[in-house]
Number of protein chains: 2
Amino acid sequence: MRASLARMTDRAVCVIGAGLIGGSLLRAATKAGREVWGTSASAGTAATARADGFDVTTDTDAALRRAAELDALVVLAVPLPALPDVLRRVDAVAPACRLTDVVSVKVAVADVVRELAPRARYVGGHPMAGTVDSGWAAGHAALFVDAAWVVAADDGLDLDVWADVAELAWACGSRVVPAAVDEHDLAVARISHLPHLMAAVLATVGAGEQDDDLPLALAASSFADGTRVAGTRPELVLAMCEGNRDALLAAVDDALGRLGAMRGALASTGGLAATVRAGFTARQQWAATREPLEHRVHLRGPAALAELRELGRWGEVVVGWE
Amino acid sequence: MRASLARMTDRAVCVIGAGLIGGSLLRAATKAGREVWGTSASAGTAATARADGFDVTTDTDAALRRAAELDALVVLAVPLPALPDVLRRVDAVAPACRLTDVVSVKVAVADVVRELAPRARYVGGHPMAGTVDSGWAAGHAALFVDAAWVVAADDGLDLDVWADVAELAWACGSRVVPAAVDEHDLAVARISHLPHLMAAVLATVGAGEQDDDLPLALAASSFADGTRVAGTRPELVLAMCEGNRDALLAAVDDALGRLGAMRGALASTGGLAATVRAGFTARQQWAATREPLEHRVHLRGPAALAELRELGRWGEVVVGWE
């Protein structure tokens, strides 16, 4: 189907960072036939990636120069705290490049890009894919298949780069969900960052008192699933959650309010029906969103981005151009 | 190895209830070569189970009479709210039977057994196995393989029935974890009941506001895993959690305290390291308990039950007699 559409590029891709997400993107874009190269801050990772057949260097400036020459799409795939250093190199070497990222918060990244690489043609992105494992070795080309890939759709963004990011997402097998960056951050606070913190608390409560190993000895699937993401490398969770502080506070307060109300009901009447039934309904509602409506969009005119944001709010996805 | 041990019986088993757990137990004990029959309150379920080749009736009295005649082990596999009616039949038809249960709380069951079937030789049990699905069709013979199966070890219990329950658990492929009933209830509040409530709250917060479908459209594996048990039939969750109110309140308060402290840290310094690192450590600690020390025990003498309880507190398991 896609081959018949008007605009499809084979734009080259430069991936800064070769961890789980960057490394998977290198593999997926290569598999999709793109010209792809990347960087890693770690000489060991770069050597491993090269041994695996990928063009990965520790020389960020060289990678960015090549991107500027080929008008490639540069993808920032490093944790939030590492972004300022990278963006200073972007501004020095490839100041007007096509730029996106795969970081799990969007307002903070947009802010730092505006500050440190203001000439870059930046459109933020966030593929909703990950595993508890991290690093190059954990990556694979299929990581993004069937994942939602958020593409920022705030007014004023460059529509040509928007299309580049969407086409990269499709090339990796993802569905494109357009969203304003602040709405993205509120959403992921609820469905990704809060789950990481709740998992941490659940694991800690489950471990219980010292010298009592009975709880963990009895822990089965409800504990295993509920705490799975507590096994993620703490640095990654902290970079993600602490970078989304305001949105996360709202989600935490929502959770605390509901838990407090449940505590009150349990202590007074002993009844938990309101909590349990609301959770059951919400989980069913989520299951129903697994088959989103698919749209082909016009990427033209002053209202294009507003229309895209509206699709995202409906939970719908963009699958191509018309 | 087990064939060489002194005490192994092929005691017949009567299972009251043919839902997920009872139905799986019927299959597992049959596969282990035991004489097994069961009951269901539903004529449809009984007919389906019979069509599947199992001896299941709606006539509870007939099933219990046969248990009394054969000195079988009677296993209560109905939800807590359905127990009083069943126990009245036990007291009327098989008053001194060998009796255990597979209900997920232990203090409340012990109380109602003491009240309604006081002559029964009761030793409570709880296999830590389950799925989100329920009912006969969801059951299978391997459900209990490698699961922890708690066997109550309070002073005064009948050691001969204790051995029956342990041998049934082994026959189903489980590890036996001895525990006092109140310690069991505190432990499962932390690692099973609280996870169900946290999952319900997480699902509800994730669903967010009406008319904003973006959060659920972006929900990926951290949300999917963290809310999985929110998909359990609400009646089952309510029966389980509301039957363990006091222990659950303590676990909820522990979680609320930790979430509140986290909220304070996020709002003031923005730091989440204490929460995230404690969760990571606890999750690693749990992973380390997956290979418990295995014991063969003497089931003799006045201290036998106290010794068993101590093993459970260390997170260790009983795998045979010596």
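The values are calculated or read from the model by the stated rules, or taken from the named source; none is laboratory data. Worth saying up front: this structure is predicted, and the values here are computed from it rather than measured. Quick reminder, even Gly has a Cβ in these numbers, built from the backbone with ideal geometry, and neighbours come from all protein chains shown.
Miscellaneous remarks
- When residues of the range B:173-189 are limited to those that are in contact (Cβ under 8 Å) with a residue 60 or more places away in the chain and aliphatic (A, V, I, L, M), the one farthest from B:ASN244 (Cα to Cα): B:VAL176
Yes/no matrix, rows are residues, columns are (1) touching a His at 6+ places or on another chain (Cβ under 9 Å); (2) closer than 24 Å to B:ALA32 by Cβ:
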| position | (1), (2) |
| --- | --- |
| B:ASP91 | no, no |
| B:VAL105 | yes, no |
| B:ARG119 | no, no |
| B:GLY125 | no, yes |
| B:MET128 | no, yes |
| B:GLY135 | no, yes |
| B:TRP170 | no, yes |
| B:LEU186 | no, no |
| B:HIS196 | no, no |
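- Flag if B:ARG309 is in a helix (DSSP H, G or I), buried (at least 17 other Cβ atoms within 10 Å of the Cβ), facing chain A (nearest Cβ under 10 Å) and in contact with a Ser or Thr (Cβ under 7 Å, 6 or more places away or on another chain): no
- For B:SER134, the stated conditions do not hold, so it cannot be described as closer than 15 Å to B:ILE21 by Cα, modelled with pLDDT under 95, outside the structural domain of B:LEU194 (by TED's automatic domain parsing) and buried (at least 22 other Cβ atoms within 10 Å of the Cβ).
- Any pair with Cβ under 7 angstrom, 6 or more apart, that starts in the range A:106-126 at a residue that is in contact (Cβ under 8 Å) with a residue 60 or more places away in the chain and ends at one that is of a type in the set (Ser, Thr, Tyr) and surrounded by fewer than 24 Cβ atoms within 10 Å (Cβ to Cβ): none
- A:VAL161 in contact (Cβ under 8 Å) with a residue 60 or more places away in the chain, part of a helix (DSSP H, G or I), hydrophobic (A, V, I, L, M, F, W, C) and touching a Lys or Arg at 6+ places or on another chain (Cβ under 6 Å): yes
- Matching entry among B:TRP149, B:TRP170 (being assigned to a strand (DSSP E or B), more than 7 Å from chain A (Cβ to nearest Cβ) and either at pLDDT 95 or above or more than 30 Å from B:ALA250 (Cα to Cα) (or both)): B:TRP149
- Residues in the range A:173-189 that are within 12 Å of another protein chain (Cβ to nearest Cβ), closer than 18 Å to A:LEU143 by Cβ and not hydroxyl-bearing (Ser, Thr, Tyr): A:ARG175, A:VAL176, A:VAL177, A:VAL188.
- Residue among B:ALA141, B:ALA179, B:ALA200, B:ALA171 that is crowded, with 24+ Cβ neighbours inside 10 Å and farther than 20 Å from B:ARG121 by Cα: B:ALA200
- Tally, over the range A:186-245, of residues that are of a type in the set (Gly, Ala, Ser) and on the phi > 0 side of the Ramachandran plot: 1
- Given (1) under 25 Å from A:HIS295 (Cα atoms); (2) in contact with a Ser or Thr (Cβ under 8 Å, 6 or more places away or on another chain); (3) part of a loop (DSSP other than H, G, I, E, B), index of the condition A:ASP154 fails: (2)
- Number of the condition not met by B:GLY53 [criteria: (1) surrounded by fewer than 23 Cβ atoms within 10 Å (Cβ to Cβ); (2) in a helix (DSSP H, G or I)]: (2)
- Check on A:ALA62, in a helix (DSSP H, G or I), surrounded by fewer than 20 Cβ atoms within 10 Å (Cβ to Cβ) and at pLDDT 95 or above: yes
- Selection of the range B:190-217 for residues being at the interface with another protein chain (Cβ under 7 Å from one of its Cβ atoms) and either acidic (Asp, Glu) or touching a residue at least 40 places away in the same chain (Cβ under 8 Å) (or both) yields B:ARG190, B:SER192, B:LEU194, B:HIS196, B:LEU197, B:MET198, B:ASP212, B:ASP213.
- In the range B:270-303, of all residues being of a type in the set (A, V, I, L, M), farther than 25 Å from B:ASP146 by Cβ and assigned to a loop (DSSP other than H, G, I, E, B), the one that is nearest to the chain's Cα centre (by Cα) corresponds to B:ALA303.
- Of all the numbered requirements in (1) closer than 30 Å to B:VAL150 by Cα; (2) modelled with pLDDT under 90; (3) among the acidic types (Asp, Glu), A:ASP225 misses one, and that requirement is (2).
- For the range B:275-296, the candidate set comprises residues that are more than 9 Å from chain A (Cβ to nearest Cβ) and out of contact with any helix residue (DSSP H, G or I) (no Cβ under 7 Å at 6 or more places or on another chain); within that set, the residue that is farthest from A:ALA230 (Cα to Cα) is B:ARG296.
- When the criteria are applied in full, B:LEU99 fails the requirement of being among the aliphatic types (A, V, I, L, M), surrounded by fewer than 24 Cβ atoms within 10 Å (Cβ to Cβ) and either more than 30 Å from A:GLY271 (Cα to Cα) or touching a residue at least 24 places away in the same chain (Cβ under 8 Å) (or both).
- Extreme residue, surrounded by the fewest Cβ atoms within 10 Å (Cβ to Cβ), among residues of the range B:218-240 that are facing chain A (nearest Cβ under 7 Å) and touching a residue at least 24 places away in the same chain (Cβ under 8 Å): B:GLY231
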